[in-house]
Amino acid sequence: MDEFQKHIAQLRDDFTFSTLNEKDVEANPFFQFEKWLLEAVAYKVPEVQAMQLCTVSSHNSPSSRIVYLREFKNHNFIFYGNYNSKKGLDLSLNPNAALNFFWPQLERQIRIEGEVKIISSELSDQYFNSRPRESQIGAWASNQSETILKRSELEEKNLFYEKHFKGKAVTRPPHWGGWSLEANYYEFWQGRKSRLHDRISYSLTQNSWHLNRLAP
C-alpha cells in the first residue's frame, strides 16, 4: 500500500493542449459555454453532458454527485431527478448550488454557480415522455436516496410497476421532474504547463457580466 500511495502522489501530467486568453473569450459567458461544449462534442469527449452537482444540506453539509445536463438556454441549465432524493431535499431548503464540467481530453473544466428552481410540470412531462420506458418505470420503482435492505426490494417494485403500466403509457411520478440552475457565476479553466493554468471568471452584477482573470 505504501508503494501505491507513492504512485498516486507522483501522478501528474503537464497540460499543453491549449490556452485561454481574455481577448479570445466571448463577452457573454453562456456563449463561451456553448463554444466549449461544441468543441468537446466535436472532440468526442465521452459523457460530455455529465456534470457534478454540488448542494448544501440544512446542516450546512455539502454533498456532490454526477448528473446529466439535459437542456440549456439563456444561462439556465436543466437536469432531472427525484424531488425526494438528497439533492432534492437539499435544493428545497437551500436553492444555491454549483455545477462542474470536467473534460480531461481537452484539459478543461467549467464551474457554474447559481440559484436552482423547479421547472414547469409541462417541461418535466415533455422530457419524461421522451425517456425509454424502462427508465420511466424505474422512476416509479426507486425511492431515490432511501435505505433499502436488499436489491430484491427494488427489483420487486420495478416488476410491480411493469405490471401496473402494462399495455398503457407510463405517467410521470409526482415526485420526479426537473430543476433549472440559473447562473450568476462562471469560471473557465484551461490547464497549462507547470500548473500555471488559465482561469477566466464571469460574475453577474446589476445584470451585467464582469470578466476577470484569476491566479491559478
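Please treat every number below as a calculation from the coordinates, not as lab data. Predicted model only: the values in this text are computed from it and were never measured. Cβ sites come from the backbone with ideal geometry, for glycine too, and all protein chains shown count toward neighbours.
Estimated from helices alone, the mean residue ellipticity of the chain at 222 nm is -9000 deg cm²/dmol (sum of -39500 (n - 2.57) over DSSP H runs with n ≥ 4, per residue).
Our coupling estimate for segment 14-30, obtained by passing each phi through the Karplus curve with A = 6.51, B = -1.76, C = 1.60 and θ = phi - 60°, is 9, 8, 9, 5, 7, 10, 9, 10, 4, 6, 9, 8, 6, 5, 9, x, 5 Hz, Gly and Pro reported as x.
Please give me the summed charge of the neighbours of residue 180: other residues whose Cβ is under 11 Å from its Cβ, Lys and Arg +1, Asp and Glu -1. After counting each charged neighbour, the total is 0. Which one, (1) 16.4, 49; (2) 19.3, 59; (3) 20.3, 60, gives Rg and Dmax of the Cα atoms in Å as derived from the coordinates shown? Of the listed options (1) 16.4, 49; (2) 19.3, 59; (3) 20.3, 60, (3) comes from this structure. As a ratio to 2.2 N^0.38 Å, the alpha-carbon radius of gyration computed for segment 130-216 takes the value 1.88. Other residues lying with their Cβ under 12 Å from the Cβ of residue 216 contribute a combined charge of +3, Lys and Arg counting +1, Asp and Glu -1. In terms of other Cβ atoms within 10 Å, 149, 38, 69 run from fewest to most in the order 149, 38, 69.
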